[in-house]
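J.: Structure in structure tokens, see below.
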Amino acid sequence: MEEPTPPNPPKISERGMIARRKFLNFLAASPLVATPTVTTAIASVLVSGSDRALAQSYDVLRGSSRALGPDGIITAPGDALNVFEFEPAAKKAVLAQDAPAHWGYLESGVDGDVTRDINHTAYASYKIRAKRLIDTRKADTSVKIFGETWRSPIFLCPVSSLGAYDPEAGVTAARAAGKRGHQMILSTVDNANIVDVGKAHGSPVWFQLYPTDDWTVTQTLVSCAEAVGCPAIVLTVDRQGGRNTEDLFRMRRQDQRDCSGCHTPGFANEVSRKANFAGIDVSKVTNLYGTGMTWGFVDRLRKIVKGKLLLKGIVTGEDAKEALRHGVDGLLVSNHGGRAEESGQATIGVLAEIVDAVNGRIPVLIDGGVRRGTDVLKALAVGAAAVGIGRPYVWGLASFGETGVDRVLQILDDEFITIMRQAGALNVSQIRRDTVTRV
Ligand SMILES: Cc1cc2nc3c(=O)[nH]c(=O)nc-3n(C[C@H](O)[C@H](O)[C@H](O)COP(=O)(O)O)c2cc1C
């Protein structure tokens, strides 16, 4: 005889829900979790350190307490499931200050944003070859760059004018990065200076250099950075020809503020309000970007930089080889986050050409479109020594300050160690070209 069908049998998903609710009720009633200390202890076992990544498969509570605001936007950094969720939160925070032009500045690429967007989407054409039956529980994510050990290969890129997104600008970002063991490159034109940023970080940060067209100013910027122990000067070489940041101009149409207090026309004002120029005579400077720099300038700079000298913005093998001839110590493959030229080339797409050109003689770093731990792994596999993020940490900064930057880094670290383990790598040197395949 056929067994009687129970009235309205629960569907699989409903059954799952009931089981989960029962489990939660059990937990709530349990004397074990009634004490806050034990609850906290359980929570920290589930979410602490690199164990978080290993625990994810059974961490059924992970999503349950993470409510969104009525607009579907996260209301606390801990609510974010990935770094993308910080973008709308940052937009909301910046627009709440009636500053659409500041939002446009952050988001803008150039022209139609093709290069900005392909920087990230191109990562999808690299596939990861997972390796099985390797005990990777003790995987080590640290990297050694110029003798410095970084706990993570992910560093903060130089982003100008962070004061538009946080009152303490680079100081706040540095505090978060330093606590988590991430290195940072400070922009020449941040609102915070290299002294305060280094202190907040806990160890000297790298300095990105826009040299200006006055050599005396260049020399002073370099010597101020080196005086506080800055181990590396990163000369940005991709802003020589001008650019069309259309998104910024579009958003600026909506900005009702009188911006002349900060943005009075003329070069002197552009830099004189920036902290790294304090006390420097900038009266002879006429340009920060289009200074007519050539390889001769690199030679001249090489002679005064005592520590390491890197070029940021190299995107061809020919230029990489030329950089070697001019005594450069490292390269940062970058197209300024799609804010230099609308080349349509992703940085991950040109990385192999540059890595092959330098053939292991100097480290090659990369930035642009890195939004996932899998992107980090792919870049390392192609040959990057470290991987930079720009906009994502500024989303964290603009929406929640230091805790936002911290959470962005935590998410990327967790995602990275997870995929590193799945790819069978015990340390970053085991992430090699054959870790990925390209289609
Ligand atoms: C708002 C903004 C300001 C930036 N300012 C600088 C800068 O001052 N110097 C520099 O070398 N690069 C600058 N960059 C480029 C970043 O260093 C980095 O190359 C880029 O943001 C990486 O791409 P991503 O934003 O997709 O992560 C800036 C980028 C953004 C988004």
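Throughout, read-outs are computed from the coordinates displayed, never taken from laboratory work. Bear in mind the structure is a predicted one, so any value in this text is a computation, not a measurement. As a convention, Cβ positions derive from the backbone with ideal geometry for all residues, glycine included, and neighbour counts pool all protein chains shown.
J.: In sequence order, what are the phi-derived ³J(HN,Hα) couplings for the range 157-169 according to the Karplus relation 6.51 cos²θ - 1.76 cosθ + 1.60 with θ = phi - 60°, rounded to whole Hz, with x for glycine and proline?
T.: Here the 3J(HN,Hα) series is 6, x, 10, 6, 6, 5, x, 6, 10, 7, x, 9, 6 Hz.
J.: Rank these for me by crowding, M251, M420, M293, going from fewest to most other beta carbons within 10 Å.
T.: Values: M251 22, M420 28, M293 18.
Fewest-to-most ranking of M251, M420, M293: M293, M251, M420.
J.: Please compute the modelled spin-label separation between V195 and N82, points set 7 Å along Cα→Cβ, answer in nm with one decimal.
T.: 4.4
J.: Please compute the Kirkwood hydrodynamic radius over the range 283-439, one decimal place, Å, based on all pairs of different Cα atoms.
T.: Details: mean 1/r = 0.0584 Å⁻¹.
Mean inverse Cα-Cα distance, inverted, gives 17.1 Å.
J.: Would you mind checking K284/K308; K284/K306; K91/K308; K199/K306; K308/K378 for any pair whose Cα atoms are more than 30 angstrom apart?
T.: Pairs exceeding 30 Å: K91/K308.
J.: Can you give the % of DSSP beta bridges in the range 286-439 that are antiparallel, to the nearest 5?
T.: Working: 0 of 10 bridges.
Percent antiparallel among DSSP bridges in the range 286-439 is about 0.
J.: Taking the Cα centre of the range 282-439 as origin, sum charge times position over the Cβ atoms of Lys and Arg (+1) and Asp and Glu (-1), and report the length of that vector in debye to the nearest 20. Display every interim value, and only then the final one.
T.: Numbers: 20 positive and 17 negative charges, 86 e Å.
In total the dipole reaches around 420 debye.
J.: To continue, here is another question. Hull surface divided by four, with the convex hull built on the Cα atoms of the range 84-438: how many nm²?
T.: Values: hull surface 65.4 nm².
Mean orientational projected area (the range 84-438, Cα hull): 16.3 nm².
J.: Please list, ordered by chain and number, the residues whose modelled amide H lies under 5 Å from the amide H of V436; skip anything fewer than 5 residues away on the same chain.
T.: Distant-sequence amide H within range of V436: R129.
J.: On a 23 Å Cα-Cα criterion, which of the cross-link pairs K274/K312; K138/K179; K179/K312; K131/K312 come out too long? Numbers along the way, then the final one.
T.: On the way: K274/K312 21 Å; K138/K179 21 Å; K179/K312 25 Å; K131/K312 34 Å.
Pairs exceeding 23 Å: K179/K312; K131/K312.
J.: Follow-up. If you take every residue apart from N193 with its C-beta less than 13 Å away from the C-beta of N193, what net charge results, scoring Lys and Arg +1 and Asp and Glu -1? Display every interim value, and only then the final one.
T.: Numbers: positive: K199, R273, K274; negative: E168, D190, D196.
Summing Lys and Arg as +1 and Asp and Glu as -1 gives 0.
J.: Could I ask something else about it? Compare the peptides 387-397, 195-205 by average per-residue count of other Cβ atoms within 10 angstrom and give them in order, highest first. Could you put the intermediate results ahead of the total?
T.: Details: 387-397: 27.0, 195-205: 20.3.
By packing density, highest mean first, the sequence is 387-397, 195-205.
J.: Please list the non-local residues whose amide H lies under 5 Å from the amide H of A423, H modeled 1.01 Å from N, same-chain partners needing a gap of 5 or more.
T.: K131
J.: Here's something else I'd like to know. Taking every DSSP beta bridge with both residues inside the range 84-438, roughly what % is antiparallel (nearest 5)? Numbers along the way, then the final one.
T.: Values: 6 of 31 bridges.
Rounded to the nearest five, the antiparallel share is 20 percent.
J.: Return the sequence-ordered ³J(HN,Hα) values of the range 269-280 in whole Hz as given by the Karplus equation 6.51 cos²θ - 1.76 cosθ + 1.60 applied to θ = phi - 60°, using x for Gly and Pro.
T.: Whole-Hz 3J(HN,Hα) from phi for the range 269-280: 5, 4, 9, 5, 8, 9, 4, 6, 9, 4, x, 9.
J.: Follow-up question, since we're still on this one. May I ask you to list the trypsin sites (Lys or Arg not before Pro) in the range 342-439 that are in a DSSP loop and have at most 16 other Cβ atoms within 10 Å of their Cβ? It would help to have the intermediate numbers written out before the result.
T.: Values: sites: R361, R371, R372, K378, R407, R421, R432, R433, R438; in loops: R361, R371, R372, R432.
Those that pass, being in a loop and sparsely packed, are R361, R432.
J.: Could the peptides 276-289, 88-101 be put in order, highest first, of the mean number of other beta-carbon atoms found within 10 Å of their residues? Walk me through the numbers before you get to the answer.
T.: Values: 276-289: 16.1, 88-101: 18.1.
Ranking, from highest mean packing down: 88-101, 276-289.
J.: Between K284 and R132, what is the FRET efficiency for a Förster distance of 45 Å, r being their Cβ-Cβ separation, to the nearest 0.05?
T.: 0.10
J.: Something else: Fully extended, how many nm does the chain gain between E246 and A352 (0.36 nm per residue separation, minus their Cα-Cα distance)?
T.: Working: separation 106, 0.36 × 106 = 38.16 nm, distance 3.03 nm.
Additional length available on full extension: 35.1 nm.
J.: Need one number: nm distance between label points at E148 and R300, each 7 Å from Cα along Cα→Cβ, rounded to one decimal.
T.: My value for the distance between the label points is 2.7 nm.
J.: Would you mind computing Rg(Cα) / (2.2 N^0.38 Å) for the range 189-339, counting N as its residues? Before the final figure, lay out the partial values.
T.: Numbers: Rg = 16.4 Å, N = 151, 2.2 N^0.38 = 14.8 Å.
Normalised Rg, Cα atoms only: 1.11.
J.: Another one. I'd like the distance separating the alpha-carbon centroids of the range 299-321 and the range 171-197, in whole Å.
T.: Between the Cα centres of the range 299-321 and the range 171-197 lies a distance of 22 Å.
J.: Work out the charge dipole of the range 290-367 with +1 on the Cβ of Lys and Arg and -1 on the Cβ of Asp and Glu about the Cα centre, then indicate which of L301, V355, L332 is farthest towards its positive end.
T.: L301
J.: I've got another one for you. Over all Cα pairs of the range 229-303, how is the pair count split among 10 Å bins, expressed in % and running from 0 up to the last occupied bin?
T.: Bin by bin from 0 Å, the calculated values are 13, 34, 37, 13, 2.
J.: I'd like the distance separating the alpha-carbon centroids of the range 109-129 and the range 373-434, in whole Å.
T.: First find each Cα centre; the distance between them is then 16 Å.
J.: Can you check what the net charge comes to around D166, using other residues whose Cβ is under 11 Å from the Cβ of D166 (Lys, Arg +1; Asp, Glu -1)?
T.: Overall, the nearby charge balance is -2.
J.: How do 104-116, 337-349, 169-181 rank on mean C-beta neighbours within 10 Å, highest first?
T.: On the way: 104-116: 20.5, 337-349: 22.3, 169-181: 23.8.
So the order, starting with the most tightly packed, is 169-181, 337-349, 104-116.
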